[in-house]
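Below: the structure, in structure tokens.
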RNA sequence: CGGGGAUUGGCGCAAUUGGCUAGCGCGCAUGCAUGGGGUGCAUGAGGUUGCAGGUUCGAAUCCUGUAUUCCCGACCA
């Protein structure tokens with residue numbers, strides 16, 4: 001992509017109303033633009049990051065036999081009346097044709113349970129799991145902190161269905177592992193911990209995945225040895241590490257980036273979702289629910305990975321792998337060399353953002369590169385050519401090195 | 001939902017106690033110079049000061065209402 005053609009601009013100043021680090025940097029970098037409180041437009045750079053996170057999640061869900069579907073964001077209120085959750089205060093209500101009562105779904109148990117019920121009748125159909133990646137709507141009393149708590153936000157929600165509790169327990173552990181793999185792959189593995197939580201109002205058990213960062217809105221109590229924590233809801237009843245019994249837990253700030261539940265029979269009972277067992281007897285279906293927020297995770301990555309100059313994207317979710325800065329482009333021979341490098345990178349399928357602006361000074365281009373935060377910066381200029389090639393620098397390192405023109409591609413692929 | 005702040009060109013801000021044609025920086029356009037950490041100079045475009053009422057000879061400024069937005073708290077499947 002040529003920077004000169006990119007939709008979205010960087011800015012020296014952040015809007016007054018963007019106060020959290022992620023809102024500031026993502027807005028200044030041209031990744032997102034606020035539409036209304038808690039609701040954001042994703043510009044090309046931002047959408048690329050979101051897509052990458054979603055695709056990693058998608059791959060891991062597919063590996064554990066999750067089948068991707070897409071349910072409507074807008075449905076009848078009916079299912080919510082059935083479960084009694086239509087009174088939930090974050091639920092958006094709206095009217096359809098003929099004065100029908102509709103809702104914008106904040107989660108999809110009320111939709112997925114009746115849906116799966118239409119196809120699953122027998123123990124032969126179980127276990128099974130479906131998931132979707134879709135925008136949710138919650139009328140939060142107070143949207144805040146950029147992408148960390150929105151009123152419309154992106155979510156992956158996986159729902160699993162089982163013949164009995166033992167099978168639910170089995171699958172729950174599989175999903176837990178998949179989640180750790182996701183956090184590892186998106187670059188948050190070292191700072192994301194399993195956190196024991198209450199099940200909230202609708203489920204007796206749950207675990208959260210909390211990413212440690214100073215600006216996190218949650219306080220969790222961490223066992224440093226096990227890298228496991230308990231959240232503030234249950235700290236009064238559970239004062240020690242659930243895994244090693246350690247009673248010296250440390251209170252730390254974190255952001256919740258995933259939440260997994262054993263729903264058990266809460267929803268299958270509400271919708272009378274039974275299956276026939278081997279003996280032809282009706283049995284209640286056991287359910288699990290596994291949430292992951294790609295948009296919130298995107299904000300969390302920024303909170304955890306930045307410096308005073310801008311964002312430092314982990315390689316796996318960066319909008320582009322290489323930020324190619326062309327300097328002295330008003331000189332024809334340098335422009336030609338820069339264009340060739342750009343083309344070489346494209347030919348090798350290396351994602352590259354090429355700052356091809358000829359009327360912008362070096363400092364401005366470096367500042368933009370640091371703000372946007374792609375992992376590798378390449379500089380081609382009169383100076384770099386005199387030094388024998390292109391200058392290579394990692395976003396998170398101070399030192400740069402010169403790579404010869406005839407071999408720089410191999411080195412970049414190797415890095 | 002309770003408490004507090006904010007709202008002035010696209011963005012960030014200013015405008016003595018109410019007083020001339022509402023200024024400045026960034027950005028944008030044009031030109032000249034510059035050319036490795038947001039470069040300099042010049043010229044120019046762009047605003048009925050969130051909205052609706054009210055007070056006044058006169059309102060960005062005071063009053064009432066309302067909208068939006070941010071922060072603290074409560075809430076958070």
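Quick notes on this structure:
Per-residue answers, yes or no, for (1) touching a strand residue (DSSP E or B) at 6+ places or on another chain (Cβ under 6 Å); (2) in contact (Cβ under 8 Å) with a residue 24 or more places away in the chain; (3) buried (at least 22 other Cβ atoms within 10 Å of the Cβ); (4) in a strand (DSSP E or B):
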site: A:225; (1), (2), (3), (4): no, no, no, no
site: A:230; (1), (2), (3), (4): yes, yes, yes, yes
site: A:269; (1), (2), (3), (4): no, no, no, no
site: A:289; (1), (2), (3), (4): yes, yes, yes, yes
site: A:302; (1), (2), (3), (4): yes, yes, yes, no
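- Selection status of residue A:187, in a loop (DSSP other than H, G, I, E, B), assigned by TED's automatic domain parsing to the domain that holds residue A:270 and within 13 Å of RNA strand B (Cβ to nearest atom): no
- Of the residues making up segment A:78-95, those that are surrounded by 11 or more Cβ atoms within 10 Å (Cβ to Cβ) and closer than 14 Å to residue A:140 by Cα number 5.
- In this structure, residue A:276 qualifies as touching a strand residue (DSSP E or B) at 6+ places or on another chain (Cβ under 8 Å), surrounded by fewer than 16 Cβ atoms within 10 Å (Cβ to Cβ), within 28 Å of residue A:167 (Cβ to Cβ) and assigned by TED's automatic domain parsing to the domain that holds residue A:116.
- The set of residues in segment A:80-102 that are free of Cβ contacts under 8 Å to residues at least 40 places away in the same chain and more than 13 Å from RNA strand B (Cβ to nearest atom) comprises A:81, A:93, A:94, A:95, A:96, A:97, A:98, A:99, A:100, A:101, A:102.
- Scanning segment A:121-131 for residues that are touching a residue at least 12 places away in the same chain (Cβ under 8 Å) and either surrounded by fewer than 19 Cβ atoms within 10 Å (Cβ to Cβ) or over 17 Å from the mean Cα position of the chain (by Cα) (or both) returns A:121, A:122, A:123, A:125, A:126, A:127, A:128, A:129, A:130.
- Subset of segment A:25-47 (residues that are buried (at least 20 other Cβ atoms within 10 Å of the Cβ) and part of a helix (DSSP H, G or I)): A:25, A:26, A:27, A:28, A:45, A:46
- Failed item in (1) touching a residue at least 60 places away in the same chain (Cβ under 8 Å); (2) away from RNA strand B (no atom under 13 Å from the Cβ); (3) over 20 Å from residue A:293 (Cα atoms), with residue A:118 passing the rest: (1)
- Exclusive hit being touching a residue at least 40 places away in the same chain (Cβ under 8 Å) and within 11 Å of RNA strand B (Cβ to nearest atom), set A:359, A:328: A:328
- Counting the residues of segment A:3-24 that are more than 10 Å from RNA strand B (Cβ to nearest atom) and surrounded by 14 or more Cβ atoms within 10 Å (Cβ to Cβ) gives 6.
- Among (1) surrounded by 14 or more Cβ atoms within 10 Å (Cβ to Cβ); (2) more than 10 Å from RNA strand B (Cβ to nearest atom); (3) in the same structural domain as residue A:400 (by TED's automatic domain parsing), the one test that residue A:314 misses: (3)
- Comparison of A:165, A:217 shows that the only residue that is loosely packed, with under 15 Cβ neighbours inside 10 Å, under 25 Å from residue A:21 (Cβ atoms) and in the same structural domain as residue A:68 (by TED's automatic domain parsing) is A:217.
- Residues of segment A:332-359 that are surrounded by 18 or more Cβ atoms within 10 Å (Cβ to Cβ), over 30 Å from the mean Cα position of the chain (by Cα) and either more than 17 Å from residue A:6 (Cα to Cα) or modelled with pLDDT under 95 (or both): A:334, A:337, A:338, A:341.
- Residue check for residue A:42: within 16 Å of the chain's Cα centre (by Cα) and more than 18 Å from residue A:312 (Cα to Cα): yes
- Segment A:382-407 residues that are on the phi > 0 side of the Ramachandran plot, paired with ones that are within 10 Å of RNA strand B (Cβ to nearest atom) (beta carbon under 6 Å, 6 or more apart): A:388/A:402; A:389/A:402
- The listed residue being crowded, with 21+ Cβ neighbours inside 10 Å and either part of a helix (DSSP H, G or I) or modelled with pLDDT under 95 (or both), out of A:158, A:147: A:147
- If you check A:285, A:325 for being crowded, with 24+ Cβ neighbours inside 10 Å and in the same structural domain as residue A:12 (by TED's automatic domain parsing), only one passes: A:285.
- Single unsatisfied condition, residue A:221 versus (1) assigned to a strand (DSSP E or B); (2) under 22 Å from the mean Cα position of the chain (by Cα): (2)
The values are calculated or read from the model by the stated rules, or taken from the named source; none is laboratory data. All figures in this text were calculated on a predicted structure; none of them were measured in a lab. Positions of Cβ are backbone-derived with ideal geometry, glycine not excepted, and every protein chain shown enters the neighbour counts.
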